[in-house]
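Starting off with a structure, shown below.
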Amino acid sequence: MSKGTVRSSALELLSRIGEEGGFSHVLLNQEIDKRKFSTADAGLLTELVYGTLQNRDLLQYWLHPSIKNQKKITPWVKWLLYMSVYQMKMLDRIPDHAIINEAVNLAKEKGHKGIASFTNGVLRSIQRDGVPSVEVIEDEEERLAIATSHPLWLVKRWTEQYGEEETREMCETNQLRMPESIRVQPMLTSREEAMEELKADGFKVEASPFSEQGIIIHEGNIIKHRLFRESLVTIQDQSSMLVAELMKLDSGLSVLDACAAPGGKTTHIAEKMKNEGSIHAYDLHKKKARAIEEKAKSLKLTNIKAEGFDARKLQEKHEAEVFDRILVDAPCSGFGVIRSKPDIKYSKEEKDIYNLREIQDAILDHVAPLLTAGGSLIYSTCTVDRHENDEAVHHFIETHPDFIVEDLREELPEALRYRWIEGTGVQIFPQDADSDGFFLTRLKKRSK
């Protein structure tokens, strides 16, 4: 497949994600599958899309001297320039003249001669004059926001919550690519067998310290590998694997997964329960619930019943005190997964955090009566915002005095124990273990 075709696909995806709000990881995988890209071309496409998205605001800053009013430029032309400048200034594999030539050809194919000429002029100017330094920005928060392409309001919010050093480290880590991680289905294969096969096929892998089922992939395309195609492994971030690992599961339990889509944690729970007991999995959207059942079927798991239903109304479905374990992996702002979904930092606004917190409180309040006395409710999010995490837990404990926070320090991987917040939960940052930012707590219902 020609590099031109890869860049054409990248431009199409960037325009769609950047202007219409599509999910980068979903659209990228769909494009790779549709185009049947080779491993090398899929890697280049991923690099161009994620790299350009991750650095959008810095690229905009760099282009400002050459284009005073970027808002007047046709959106796809703007993304073509962003993608081209990203390659020129942040990748060293391709010469500038080749990047400019490809950009001009794309401009001709998608537009007309005038756009091609404009594109050529802008990129030649940057090749000749370079780009402005962010060091001239006097305000530290603004400089960090532009240098790492994070919204200024988010940098200010994180600085207020965690301080300058933690915020800087988090923003800088969010610009780095994260290794993929997978989870083996232990009733179909072992981690040792899977790792040996992957190594034999040229993959660079290591065992995850987060889960005895987890494998970190440093090199290799798992989507095209037999283990993934035959559903012997599932793609899941290491932080996400902690949920099932800390639920104290055994085979005879009755479990509620109140916000289950896309089903990674649900199926992990089923595997930890050795495909016994019962798991009721719900999602607001019926289509997503069907996808959970399909995922379970592919993994040969039969103890999951998935259904489309609002978690805030589950008392209409179940009697009080019928579940031994409840998982509320709540809808959240998602600011912990910026590394793998960079579009999140541009699509969310500060008001979304407060709107989501209302939903989180409502779900927790509604499902709490469904838990048996002595049972555990696990609350987790893939965000790093205190309002959705420790503040939500404190509010729940204050309004539900029959629940207590269990101390999980000794159950956590050793590298994360210092992140335990007394009486609250564990807050994982993306810089901690080369994984997603994540929050997790286990709330025990007192026995009567």
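The values are calculated or read from the model by the stated rules, or taken from the named source; none is laboratory data. Since the structure is predicted, the reported quantities are computational estimates derived from the model, not experimental observations. FYI the Cβ positions are ideal-geometry reconstructions off the backbone, even for glycines, and counts take in every protein chain you see. Please note that ligands, DNA and RNA were not included when accessible areas were found on the heavy atoms of the full protein model with its side chains. Shrake-Rupley method; radii C 1.70, N 1.55, O 1.52, S 1.80 Å.
Of these, Val328, Val322, which one is open to solvent by 30 Å² or more (accessible area, probe 1.4 Å), out of contact with any Gly (no Cβ under 8 Å at 6 or more places or on another chain) and hydrophobic (A, V, I, L, M, F, W, C)?
The match here is Val322.
Which residue pairs have Cβ atoms under 8 Å apart, sit 6 or more places apart or on different chains, and have a first residue in segment 336-361 that is without any contact (Cβ under 8 Å) to a residue 60 or more places away in the chain and a second that is open to solvent by less than 40 Å² (accessible area, probe 1.4 Å) and β-branched (Val, Ile, Thr)?
The qualifying pairs are Ile344/Val337; Ile344/Ile338; Gln360/Val328; Gln360/Thr381.
Does segment 1-34 hold any residues that are among the hydrophobic types (A, V, I, L, M, F, W, C), modelled with pLDDT of 85 or more and within 12 Å of Leu53 (Cα to Cα), and which are they?
Ala10, Leu11, Leu13, Leu14, Ile17
Given the conditions (1) at pLDDT 95 or above; (2) open to solvent by 50 Å² or more (accessible area, probe 1.4 Å); (3) outside any helix (DSSP H, G or I), report the number of the one that Arg177 does not fulfil.
Exception for Arg177: condition (1).
When segment 19-32 is examined, which residues are found to be in a helix (DSSP H, G or I), in contact (Cβ under 8 Å) with a residue 24 or more places away in the chain, surrounded by fewer than 21 Cβ atoms within 10 Å (Cβ to Cβ) and out of contact with any Pro (no Cβ under 6 Å at 6 or more places or on another chain)?
Of everything in segment 19-32, those that are in a helix (DSSP H, G or I), in contact (Cβ under 8 Å) with a residue 24 or more places away in the chain, surrounded by fewer than 21 Cβ atoms within 10 Å (Cβ to Cβ) and out of contact with any Pro (no Cβ under 6 Å at 6 or more places or on another chain) turn out to be His25, Asn29.
Just a yes or no: is a residue in segment 262-273 modelled with pLDDT of 95 or more, within 22 Å of the chain's Cα centre (by Cα) and assigned to a strand (DSSP E or B)?
no
Six or more apart or on different chains, Cβ atoms under 6 Å: show the pairs whose first residue is in segment 113-126 and more than 14 Å from Ile73 (Cα to Cα) and in a helix (DSSP H, G or I) and whose second is open to solvent by less than 10 Å² (accessible area, probe 1.4 Å) and hydroxyl-bearing (Ser, Thr, Tyr).
Leu123/Ser84
Quick check on segment 417-443: of everything there that is outside any strand (DSSP E or B) and without any contact (Cβ under 8 Å) to a residue 40 or more places away in the chain, which residue is most open to solvent (accessible area, probe 1.4 Å)?
Among them, the one singled out is Tyr418.
Within segment 285-309, take every residue that is surrounded by 15 or more Cβ atoms within 10 Å (Cβ to Cβ) and in a loop (DSSP other than H, G, I, E, B) and give me the one that is nearest to the chain's Cα centre (by Cα).
Across segment 285-309, the extreme among qualifying residues is Leu299.
Where residues in segment 342-376 are under 17 Å from Phe438 (Cα atoms) and either hydrophobic (A, V, I, L, M, F, W, C) or touching a Ser or Thr at 6+ places or on another chain (Cβ under 6 Å) (or both), which of them is surrounded by the fewest Cβ atoms within 10 Å (Cβ to Cβ)?
Per the criteria, the residue is Ile353.
Report every pair of residues separated by at least 6 positions or lying on different chains whose Cβ atoms are under 8 Å apart, first residue within segment 266-288 and among the small types (Gly, Ala, Ser), second in a helix (DSSP H, G or I) and surrounded by fewer than 24 Cβ atoms within 10 Å (Cβ to Cβ).
Note: pairs meeting the criteria are Ala270/Ala296; Ala281/Ala289.
Among Trp153, Trp158, which is touching a residue at least 12 places away in the same chain (Cβ under 8 Å), part of a helix (DSSP H, G or I) and open to solvent by 30 Å² or more (accessible area, probe 1.4 Å)?
Of the residues listed, the single one that is touching a residue at least 12 places away in the same chain (Cβ under 8 Å), part of a helix (DSSP H, G or I) and open to solvent by 30 Å² or more (accessible area, probe 1.4 Å) is Trp153.
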